[in-house]
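Peer 1: Let me give you the structure first, and then I'll get to my questions.
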Amino acid sequence: MKYISLTTAFTPLLLLITLLNSPNGISKELAITFDDSPRAAKGLLSGPERANKLVAALAKHQVKQVAFFSVSKHLNTEGITRLNTYSDAGHLIANHSHDHPDFNTSSLTQYINNFLQADKQLKQFSTFTKMYRFPYLREGNTPEKRDGMRATLDKFGYKNAYITLNTYDWYIENLFQAALAKGKEVNLERMKRFYVEVMIESIEYYDTLAIQYLNRSPKHVLLLHEMDISALFIGDLIDELRRRDWSIISPEQAYNDEISQMVTKKVLSYNPGRIGEIARDKGQKKQLWHKSLDETYLTEKFNKDVLLLKK
Ligand SMILES: [Zn+2]
């Protein structure tokens, strides 16, 4: 009895099923991560309202686990309550430094101390996980700093929680809150469409770039921030992603992808995310940051599509 031939006989059927599930035959997966929690809440929603709304939206859309990359400086009573809201719902709490230093302007020693301070304070959360997201994605602008921090992460059992899908959602939040603060009427339906459209533009851009250099769509990590627009529209973004054949995976699944082992040889002051690094390592010099990460583009599109201003 040859079991191999049995397996072989089923292969075309399995392939067909895969193709039917995914029109272009490529499975697309991403994990959702929110940075800067507990981020300032001074606009539309209070901090606790934001946290509750965000957790409810994720539960309603059957997203079991996302990661919140947190800064320990903001752990006052309200901040702790907010992070507990996330961890009680099963979401990961991970390290995003104590007070969000810029590695380009910090010494290695200062930077390591900042990382360790956050490690100490974030351990109190039940779902705390040893993953580190570099603030501004800056991983060290000299070989000494870059290698020093890589060794520090290893020493303390941490993973570098890189991102692959870069977005400027924080700039969209600025536009939204500034318009509200000026007393402008912001139509939430148009705001939702604008947000989802721009996020999808970034996501599809970096996925296409990944396929160009890797010949496959890797398990992606989406960079978002813990903000009001995330709480308001994350469910709509998830719906649109699923319509486009994406599935949502956990951060730990995403960091199992082969590209988690990739280490760029270059020293970079500015980092577009891991797909951008891969493209740059292979010689691409331009468009490592997509136009959906351009402040002028976003401002003009917001004025036109959301505020309906004529130029
Ligand atoms: Zn950050």
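Peer 1: Any residue in the range 84-103 that is more than 12 Å from the ligand (Cβ to nearest atom), modelled with pLDDT under 95 and closer than 21 Å to residue 233 by Cα?
Peer 2: No, because not a single residue in the range 84-103 is more than 12 Å from the ligand (Cβ to nearest atom), modelled with pLDDT under 95 and closer than 21 Å to residue 233 by Cα.
Each row is one residue, and each column tells you yes or no for (1) in contact with a helix residue (DSSP H, G or I) (Cβ under 7 Å, 6 or more places away or on another chain); (2) under 30 Å from residue 46 (Cβ atoms); (3) free of Cβ contacts under 8 Å to residues at least 60 places away in the same chain; (4) of a type outside the set (Ser, Thr, Tyr).
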| position | (1), (2), (3), (4) |
| --- | --- |
| 235 | yes, yes, no, yes |
| 238 | no, yes, no, yes |
| 247 | no, no, no, no |
| 251 | no, yes, no, yes |
| 255 | no, no, no, no |
| 260 | no, no, no, no |
| 272 | no, no, no, yes |
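Yes/no per residue for (1) over 27 Å from residue 186 (Cβ atoms); (2) surrounded by fewer than 17 Cβ atoms within 10 Å (Cβ to Cβ):
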| residue | (1), (2) |
| --- | --- |
| 230 | no, no |
| 252 | yes, yes |
| 261 | yes, yes |
| 283 | yes, yes |
| 292 | no, no |
| 309 | no, yes |
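Peer 1: In the range 80-92, how many are surrounded by fewer than 23 Cβ atoms within 10 Å (Cβ to Cβ) and part of a loop (DSSP other than H, G, I, E, B)?
Peer 2: So the answer is 2.
Peer 1: Condition first: open to solvent by 10 Å² or more (accessible area, probe 1.4 Å) and within 15 Å of the ligand (Cβ to nearest atom). Now tell me which residues in the range 145-161 satisfy that.
Peer 2: Matches in the range 145-161: 160 only.
Peer 1: Would you confirm whether any residue within the range 62-69 is at pLDDT 95 or above, within 16 Å of the ligand (Cβ to nearest atom) and of a type outside the set (A, V, I, L, M, F, W, C)? Talk me through it step by step, then tell me what you get.
Peer 2: Restricting attention to the range 62-69, the residues satisfying the condition of being at pLDDT 95 or above are 62-69.
Applying the additional criterion that residues be within 16 Å of the ligand (Cβ to nearest atom) yields 66-69.
Retained after the next criterion (residues that are of a type outside the set (A, V, I, L, M, F, W, C)): none.
Within the range 62-69 (the criterion being at pLDDT 95 or above, within 16 Å of the ligand (Cβ to nearest atom) and of a type outside the set (A, V, I, L, M, F, W, C)), the answer is no, since none of the residues qualifies.
Peer 1: Additional query: Going by what's in this entry, would residue 278 be described as modelled with pLDDT of 95 or more, touching a helix residue (DSSP H, G or I) at 6+ places or on another chain (Cβ under 7 Å) and of a type in the set (Val, Ile, Thr)?
Peer 2: No.
Peer 1: Is at least one residue of the range 163-173 more than 16 Å from the ligand (Cβ to nearest atom) and either open to solvent by 50 Å² or more (accessible area, probe 1.4 Å) or at positive phi (or both)?
Peer 2: No, the conditions are met nowhere in the range 163-173.
Peer 1: Can you tell me which residues in the range 93-134 are within 12 Å of residue 83 (Cβ to Cβ), open to solvent by 40 Å² or more (accessible area, probe 1.4 Å) and assigned to a helix (DSSP H, G or I)?
Peer 2: The one that is within 12 Å of residue 83 (Cβ to Cβ), open to solvent by 40 Å² or more (accessible area, probe 1.4 Å) and assigned to a helix (DSSP H, G or I): 121.
Peer 1: Hand me the list of helices (runs of 4 or more DSSP H) wholly inside the range 219-311 holding 3 or more residues that are within 15 Å of the chain's Cα centre (by Cα).
Peer 2: 228-243, 251-254, 274-281
Peer 1: Next question, about the same structure. Can you find a residue in the range 70-79 that is part of a helix (DSSP H, G or I), surrounded by fewer than 19 Cβ atoms within 10 Å (Cβ to Cβ) and more than 16 Å from the ligand (Cβ to nearest atom)?
Peer 2: There is at least one residue in the range 70-79 that is part of a helix (DSSP H, G or I), surrounded by fewer than 19 Cβ atoms within 10 Å (Cβ to Cβ) and more than 16 Å from the ligand (Cβ to nearest atom).
Peer 1: Mind listing whichever residues of the range 135-144 are within 12 Å of the ligand (Cβ to nearest atom) and open to solvent by 50 Å² or more (accessible area, probe 1.4 Å)?
Peer 2: Residue satisfying the conditions is 136 alone.
The values are calculated or read from the model by the stated rules, or taken from the named source; none is laboratory data. For clarity, every value in this text was computed on a predicted model and none was experimentally measured. Methodologically, a virtual Cβ is constructed for each residue, glycine included, from the backbone with ideal geometry; neighbour enumeration extends over all protein chains shown. All accessible areas refer to the heavy atoms of the entire protein, side chains included, with ligands and DNA or RNA removed. Shrake-Rupley method; radii C 1.70, N 1.55, O 1.52, S 1.80 Å.
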